[in-house]
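Each remark here refers to the structure printed beneath this line.
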Amino acid sequence: MDLAKIRSQFPILSELTYLDHSALGPLSLSVRQAAAEALALQGEGSVGAQRLAAAVDVLKEKIARLIGASPQEIALTRNTAEGLSAVAAGLPWREGDRVVTDNIEFPANVYPWLNLKARYGVETYFVPARDGRVVVDDLIAACDAHTRLVAVSFVQFSNGFRVDLDRLGAYCRGRGIYLCVDGIQGLGAVPLDVSATPVDFLASGGHKWLLGPLGLGFLYLRRDVQRVVWPAEVGHHSVEQDPDHYTHYNLTFRPTAEKFEASAPNFAGVFGLSASLDLFHTVGLDAVAARVVALTDRLCEGLAARGYRLRSPRGPSEKSGAVTFVSARHASADLHARLREARIVTSLREGAVRVSPHFYNTEAEIDRFLATLPRDR
Ligand SMILES: Cc1ncc(COP(=O)(O)O)c(C=O)c1O
């Protein structure tokens, strides 16, 4: 991995110590160039349209490779919330059905389920997290005969906790309960292979750890569950449309996840995310994940040595790219501001400072971050 070459793609890295990928990924020069290329193609009007459209299949192959799916199981969306909402709006709910989730989810993975109550009488049950952990046994214990779906984040936004999707998925699959995952805080930092992990739906935006433009995300729908979800948003892309006869209306859905795409996507986003995924596939997802673990382990050791209290569970199967911490002596907002003054970018979440380095951050940057914090004992 040629770190210097990769870093030169991200101009912000020479200006700031950027440790905020849980909030928003910066765009590489290649991604910006690819997005500009899409706009230039549309600058040619319909002349460039074929080349724009061809990029969609290429992107879907790269997304499929990222998560161990097939391209036919990928629908392009704008963001995570849209993907989760498509699942919520499309499943055939019955009054009294139950969705099980937990009480530390990001709202994108809460409101689509709460929204089902008034319309269908679906109840959403919130399993309390324990010490920042979403405990699989607790989720399982909350599933009853009415439970149709379990909705969790792969990685939690507030503390980087990673749930055991293998065990949860095995349980859900065995009971005929759908497992729907908000993937945005994990994908691009922590590997997830849906050919091995029993997930039914996986929604993500491309704009955090995947380092793609805002406004382009995707929804994975496992092949066998696609027929159960009614496409709630449809248009000429969703159906077997004869392009020579647009007025020969024929509501026959395409046989793949394309039926969940109503019309043309945001092509600047398509080109941009495609360029970004090239970086991940070139470096290798395992190499990316190994560096994220090494950097965050160093971060945690340094924070503990300085007396800070970690809010992030850091067991081997629990860790991810985000680390949150609090101080007994300093307000989190003050620490956050002090870091920002030192040109170190982090976030404040749920009363804690959240630090989220990516694979191209360096050990020296982690040490600079640590050296900027006052000792907490
Ligand atoms: C777990 C999680 N889900 C979803 C989102 C945002 O979703 P969207 O892609 O709809 O903007 C965030 C953003 O902070 C998040 O942390």
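The values are calculated or read from the model by the stated rules, or taken from the named source; none is laboratory data. Computed from a predicted model, the values in this text were never measured in an experiment. Every residue, glycine among them, receives a Cβ derived from its backbone with ideal geometry; neighbour counts consider all protein chains shown.
Scanning the stretch 247-267 for residues that are surrounded by fewer than 22 Cβ atoms within 10 Å (Cβ to Cβ) and among the aliphatic types (A, V, I, L, M) gives L251, A262, A264. Of the candidates E73, E82, E37, E44, the single residue that is under 24 Å from the mean Cα position of the chain (by Cα), more than 20 Å from K208 (Cβ to Cβ) and of a type outside the set (S, T, Y) is E73.
Listed here are the residues, each with its yes/no results for (1) surrounded by 16 or more Cβ atoms within 10 Å (Cβ to Cβ); (2) at pLDDT below 95; (3) out of contact with any strand residue (DSSP E or B) (no Cβ under 9 Å at 6 or more places or on another chain).
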{"site": "A55", "(1), (2), (3)": "yes, no, yes"}
{"site": "I67", "(1), (2), (3)": "yes, no, no"}
{"site": "T77", "(1), (2), (3)": "yes, no, no"}
{"site": "A88", "(1), (2), (3)": "yes, no, no"}
{"site": "R98", "(1), (2), (3)": "yes, no, no"}
{"site": "D102", "(1), (2), (3)": "yes, no, no"}
{"site": "P107", "(1), (2), (3)": "no, no, yes"}
{"site": "V127", "(1), (2), (3)": "yes, no, no"}
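Only helices (runs of 4 or more DSSP H) whose full extent lies in the stretch 26-104 are considered here, and the ones with at least 3 residues that are without any contact (Cβ under 8 Å) to a residue 60 or more places away in the chain and away from the ligand (no atom under 16 Å from the Cβ) are 29-43, 49-67.
Among residues of the stretch 130-161 being charged (D, E, K, R) and assigned to a loop (DSSP other than H, G, I, E, B), the one that is farthest from the ligand (Cβ to nearest atom) is D144.
Residues are listed down the side, and each one gets a yes or a no for (1) touching a strand residue (DSSP E or B) at 6+ places or on another chain (Cβ under 8 Å); (2) within 24 Å of A64 (Cβ to Cβ):
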position	(1), (2)
S238	yes, yes
P243	no, no
Y246	no, no
E261	yes, yes
N266	no, yes
D286	no, yes
E301	no, no
R311	yes, no
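The helices (runs of 4 or more DSSP H) falling completely within the stretch 274-377 that include 2 or more residues that are within 20 Å of A189 (Cβ to Cβ) and of a type in the set (K, R) map to 285-305. Among the conditions (1) surrounded by fewer than 23 Cβ atoms within 10 Å (Cβ to Cβ); (2) in contact with a Leu (Cβ under 6 Å, 6 or more places away or on another chain), G25 misses just one, which is (1).
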